[in-house]
Amino acid sequence: MVAGVTSPLRLTDIAAQAEVSEATVSRVLNGKAGVAASTRHRVLAAMDLLGYERPVRLRRRSNGLVGLLIPELTNPIFPAFAQVIEQALAGHGYTPVLCTQTPGGATEDELVEQLEERGVTGIVFLSGLHADASLDPSRYHRLSSRGIPFVLINGFNEHVNAPFISPDDRAAADMAVRHLADLGHRRIGLAIGPTRYVPSARKEAGFTAALPSAEAEGLIQRTLFTVEGGHAAGGALLDRGCTGIVCGSDPMALGVIRAARERGLRVPEDVSVVGFDDSPLIAFTDPPLTTVRQPVRAMANAAVGALLEAVAGTPVQRTEYVFQPELVVRGSTAQVPD
């Protein structure tokens, strides 16, 4: 297709892309009943991928705006969450409004105020201020008092009356440590973020519970959830003789690998490294990263489901829904060197 020129719809192409019959494509394009919502979504997605403009009659009126607040876009796990959440919201007829916090930019409170001014139907918070146990949770009390439904992902606060969606961070750290221990590693370090953040504190608790206290002591480095943070923490842990390092995020793990290579160490022959999240493309790093997978799709869909139930006026249980992570073993871990 030439840019700026709209090609005529070809049912054959759309049907092949969506893996449905031409008759099904025709029913979707003509707004006929009898097509499952999932099938309709596949046909529309096929049209988008092929560059076709949707007919005007297929453009649905929005049920309302839903704010999605995420801390950044540099860590690929946040765009991964945002994509699934936006797809789920769009599937229910809602228009997602993505708000990203950047250093020196708008704060979470300012973004929430702007969303309220635009009459949002609800808000999804991903790794927001609710995850920081040192902060006053009254901002969420005020939001509740104004009747705006919201749901919070990654970070539990018992003083906030709302649905929480979390991975089991303690189990994540435990399974990472046990994996390294099974490979013969005895001096295992942890590179983690500040423990005022609930996910960091929980991972640290899982780490210390999986190791004898004498071994865990002194082998925890608290740093930033970035490549640079992992590089600094990894260097300190390697200098203390760690042969296996568990990280609080995938970018941190990449920083640890860089620190190892600067010291002439090979991964995994000399040092084993475990990340957290299983971010997109992380399987294609060098070496492919062993990591603990956060169940992004299940968590995102659960968050949207809980929010839309609250929007519909259905009583939603004000509790934490905890999802089980999964260890994904790849090429960055191996038997401890002799």
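The values are calculated or read from the model by the stated rules, or taken from the named source; none is laboratory data. None of these values were measured; they are calculated from a predicted model. Cβ sites come from the backbone with ideal geometry, for glycine too, and all protein chains shown count toward neighbours. Only protein heavy atoms, including side chains, enter the accessible area calculation; ligands, DNA and RNA are left aside. Shrake-Rupley method; radii C 1.70, N 1.55, O 1.52, S 1.80 Å.
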Exercise. Got a sec? Charge dipole of the range 11-58, +1 on Cβ for Lys and Arg, -1 for Asp and Glu; which of Ser21, Ala36, Met47 is way out at the positive end?
Worked result: Ala36
Seminar exercise, completed: Taking Cα atoms, the helix 37-50 axis meets the longest principal axis of the chain at an angle in degrees (rounded to 10) of 90 degrees
Exercise. Taking trypsin sites (Lys or Arg not before Pro) as exposed when DSSP calls them loop (any state but H, G, I, E, B) and at most 14 other Cβ atoms lie within 10 Å, what is the longest stretch of the chain free of them, the sites themselves excluded?
Worked result: 62-117
For this session: Using Cα pairs closer than 8 Å and at least 6 residues apart in sequence, work out the relative contact order for the chain, in percent.
Result: 16 percent
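Let me know the volume per residue of the alpha-carbon convex hull for the range 169-294, in Å³.
87 Å³
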Exercise. Counting other Cβ atoms within 10 Å of each Cβ, which GluC sites (Glu not before Pro) in the range 197-261 have at most 15 and sit in a DSSP loop?
Worked result: Glu217
Problem set entry | Ranking by accessible area, most exposed first, for Leu289, Leu135 with a 1.4 Å probe | Leu135, Leu289
Exercise. When the Karplus curve 6.51 cos²θ - 1.76 cosθ + 1.60 is applied with θ = phi - 60°, which whole-Hz ³J(HN,Hα) does each residue of the range 152-166 get, with x for Gly and Pro?
Worked result: 10, 10, 6, x, 9, 9, 5, 8, 10, 8, 6, x, 10, 10, 9
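Using the Cα gyration tensor of the range 17-88, with a ≥ b ≥ c the square roots of its eigenvalues, what is the shape: rounded (a/c below 1.5), prolate (a/b larger than b/c) or oblate (neither)?
It is prolate, given that a/c is not under 1.5 and a/b is the larger ratio.
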Seminar exercise, completed: Cα-based Rg/(2.2 N^0.38 Å) for the range 11-58, rounded to two decimals, is 0.98
For this session: For the range 265-338, evaluate the Debye formula with one uniform point scatterer on each Cα (no solvent term) and list log10 I(q)/I(0) at q = 0.20, 0.26 Å⁻¹, rounded to two decimals.
Result: -0.83, -1.11
Problem set entry | For the range 116-197: span of alpha carbons on each principal axis (Å, largest first) | 56, 22, 20
